[in-house]
Amino acid sequence: MSGFKLSRIAVGLSVLSSMATAQASSLNQTELDALGENLAVTYHVISNTDATGCSETLGGGKCFDAKISLTLPNDAKASGWKIYFSHTTPIQRDSSDLFDIEHINGDLHTIKPTPEFTGFKAGQTLDIPLKGTFWLAAASDQMPNYYLFADGLRPVIIDSTREIRDQDSQLTYNQHVAPLSSPEQYRRSEQDKLQLADAAWLFDHYQQANAAQGDSPARIIPAISSTTLSGDKLDLRKGLAITSTDVIDHALSRLAAKGINSNPTGIKVSFEDDLNLAVDAYVLTVEKDAITIRSGSGSGRYYALTSLSALAKEGQVPTGVYQDSPRYPFRGMHLDVSRNFHSKDMVLRLLDQMAAVKLNKLHFHLADDEGWRLEIPGLPELTEIGAYRCHDPSESQCLLPQLGSGPHRDAPVNGYYSVADYKEILAYAKARHIDVIPSMDMPGHSRAATRSMMARYNKYMQQEKPELANEYLLTDLQDTTVYSSVQFYNDNTINPCLPSSYRFVSKVLNEINKMHEEAEMPLSRYHVGADETAGAWKESPACATIIAEQGIDDPEQLTAYFVEKVTKIVNAMGITAGAWSDGLSHVEQEKLAPRIQANIWDALFWQGHNRAQDFANRGWDVVLSIPDVLYFDFPYAVDPLEPGYYWASRNTDSFKIFRFMPDNLPAHAEFWPDRMGSPFTAKDDSPLKPGASFIGMQGQLWSETVRDDQRTEFMIYPRLQVMAERAWHKADWELDYVAGREYGPATSYFDQSQQDKLRKDWAAFSQALVNQVLPQMADNVMFRLPPPGAKLIDGKLHANSLWPGLTIEYRQTGGKWTEYRQPVQVTGEVELRTRFSGMQRSSRIIPVN
């Protein structure tokens, strides 16, 4: 009985006994509260691999078998209630005579007793067998905060479904999800060939990754392009004679944090302008008694001082010449705060970490189906309603609960940034040479906007003000189209055929642009989204008119129509428009501005390199957002306890990201399988033309399964630092792109020589990560500690870790944690964890089989 709280049984027994004779109409708040305290709910996955009778219209015939179990400690005949809960894919059907499951919208479902239900018997478990769509192979797939509702009463969260914080790792987990321990539970289908990342698999993986040694006194993250050392060191502890300016203030504060302060009598720092150097590039010359920085931009000066800070160890820096320039001008991080809200403080910490590794773009995803997170003056409904999820079926006060948010408006996953908050974030980013690229996804993924504007419409219609009601309406009220979005909403698209939709877009853009102007950070890029709208507007009278006027053949082309119109609005403001690759794939190039930002989220095993290269050939600003390696909401390793979605990758650890060769996308088919672990071949059907290239890359953090700031940081770090390495620095072991070349498991262009160079570089990188970067994060940032690998060989425990310098601890049955130093004889069950010096928390505990 997962999550069954014995300490609360006594509290509710007397109340629950009174429910034995209660009728549905007489259920009161006290009784509902007691039911919420004592009802044990457990979600069991039975099998993902051999389910039959799957719906062909949901999931393409893919489904899994599971059951929800309900248990009470005493008899109770209460009815007249429903359980609301989130289930990330639609439940196709249930097989219970006592309960019915109904899909509401998105991931929201209900469990309702049938007339056959006569009540609970003490200790008896009532099972609700069900078929879910696709698969459920990770504990984080299931959502928390099931809640009870009865007419006229306040909804109550079922305590057994609340998240619990693990005292070792300090991460929350779902207590109501039964263990996923057998292959049919943690594999997605019979085609899933990925190996479970147990202790033995991790041991082999770490051993392979750390097969070489490498270190350098001047190795920082990201690596400097060219370093010529003279063999001496310059002591900076006497301070720097340097003039503070807005351009470099934050870099000076980073030096001060290392005890290197500004001092008029300290080491002289001279700045020289060199217009031959690219933006962000610099030449840092450290001599015995002076420092010179040559750069062609303020950001170059800032990055030179950032590197100086990173190079300083115990206040000393190796003398020599450091020449550095970025691989890409666009080095970004995408943060989704719409699915679940994340605090302003966490965003500011993210900006600090981005600046430390020379990332310069924050793609700020502020609106999606589940939430609108930015105050827009003149449209208060967007945040009064669209920033909150609670139990309000009318959605006049808030959106419906989704993603396990629960029924209460004050849940921590709710909230928004005020105008003042946003301008503070902009100012903070500007001081760190980071551009903020706001994004409100449209026309799909827009439910928060459409429902908020519908509430606005209803409010003004009740006030008999139809002009105001229709001013920003995003929905054709006569549209009878029945559709389901990729995340199973039936009402999440902005209608592209209404003039009011474009008034809304213009209003939002103008207000955001004003905030940027007031923060003295001009809005240079705006991301419109433009993805996933299949099936909408087919029965919209407004769209029938546009289809006839424009000669459109298929309603599916209306997404392109919308994207074309919105990008023109954006471009007319002097702003570069950005969009996701699937939305742009349907747009005629000549109907767009010459410059467009295209984020490529096509998976490599789906031949995604061809779309990236095709878009680059068009002259667009292609930003690689490849999910195989750059989606940080995916698990680090193949284990049902590793959190995150995994539709494109289930094993994105720091070494995998380090191996990424962004200038040669098809080459990864040599050593990366597809999402199910099977090999694939990359055919270069759209080869890059001479002179065509990508402008950059960015990591993505989507927040469907990320409900708090600590989990957000756990998923981002240290993957962000590794991604920054690849965005700034091109390593000598990377394969050059050769147009038309085919790669796959049968080719071996990435030969042993390249692999040896890779592992030597990885060794130097991981030394810098553990010795320089992580100690500065340990006090206030929740980075992930990788669990150790281990094997039992002839009765002795052998253990290793992904990064050097981590402390490995083990314990035997009933024993205490002991530091592992060398192979040791053990008996019984053994568990291991890693720790980082000075930190109380540990990695996830892993057993050794």
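The values are calculated or read from the model by the stated rules, or taken from the named source; none is laboratory data. Quantities reported herein were computed from a predicted structural model and do not represent experimental measurements. FYI the Cβ positions are ideal-geometry reconstructions off the backbone, even for glycines, and counts take in every protein chain you see.
Numbers for the structure displayed
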read-out	value
Flag for Thr306 being β-branched (Val, Ile, Thr) and not in a helix (DSSP H, G or I)	no
Subset of the stretch 720-777 that is within 25 Å of Leu335 (Cβ to Cβ) and among the polar types (S, T, N, Q) - its residue that is nearest to the chain's Cα centre (by Cα)	Gln721
Check on Pro113, in contact with a Cys (Cβ under 9 Å, 6 or more places away or on another chain) and more than 25 Å from Gly60 (Cβ to Cβ)	no
Residue identified as polar (S, T, N, Q) and assigned to a helix (DSSP H, G or I) among Ser439, Ser500	Ser500
Extreme residue, farthest from the chain's Cα centre (by Cα), among residues of the stretch 795-817 that are aromatic (Phe, Trp, Tyr) and surrounded by 17 or more Cβ atoms within 10 Å (Cβ to Cβ)	Tyr810
Residue within the stretch 695-708 that is part of a loop (DSSP other than H, G, I, E, B), modelled with pLDDT of 95 or more and of a type in the set (Ser, Thr, Tyr) present	yes
Counted residues, the stretch 818-849 - those being exposed (fewer than 15 other Cβ atoms within 10 Å of the Cβ), at pLDDT 95 or above and not β-branched (Val, Ile, Thr)	5
Within the stretch 240-273, considering residues that are part of a loop (DSSP other than H, G, I, E, B) and closer than 13 Å to Ser299 by Cα, the one farthest from the chain's Cα centre (by Cα)	Thr245
Residue match in the stretch 424-434 (condition: among the acidic types (Asp, Glu), at positive phi and touching a Lys or Arg at 6+ places or on another chain (Cβ under 9 Å))	no
Search result, residues across the stretch 349-365 that are of a type in the set (A, V, I, L, M) and either in a helix (DSSP H, G or I) or under 14 Å from Leu426 (Cα atoms) (or both)	Leu350, Leu351, Met354, Ala355, Ala356, Leu362
One residue from Leu468, Leu473 being in a loop (DSSP other than H, G, I, E, B), assigned by TED's automatic domain parsing to the domain that holds Lys538 and at pLDDT 95 or above	Leu473
Qualifying residues in the stretch 75-95 (those that are among the small types (Gly, Ala, Ser) and under 19 Å from Thr161 (Cβ atoms)) - the one modelled with the highest pLDDT	Ser86
Some residue of the stretch 372-394 being in contact with a strand residue (DSSP E or B) (Cβ under 8 Å, 6 or more places away or on another chain), surrounded by fewer than 24 Cβ atoms within 10 Å (Cβ to Cβ) and assigned to a helix (DSSP H, G or I)	yes
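Here is a yes/no grid of residues against (1) acidic (Asp, Glu); (2) in contact with a Gly (Cβ under 7 Å, 6 or more places away or on another chain); (3) touching a residue at least 40 places away in the same chain (Cβ under 8 Å):
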position	(1), (2), (3)
Leu311	no, no, yes
Gly315	no, yes, yes
Asp324	yes, no, yes
Pro329	no, yes, yes
Asp352	yes, no, yes
Ala355	no, no, yes
Leu366	no, no, yes
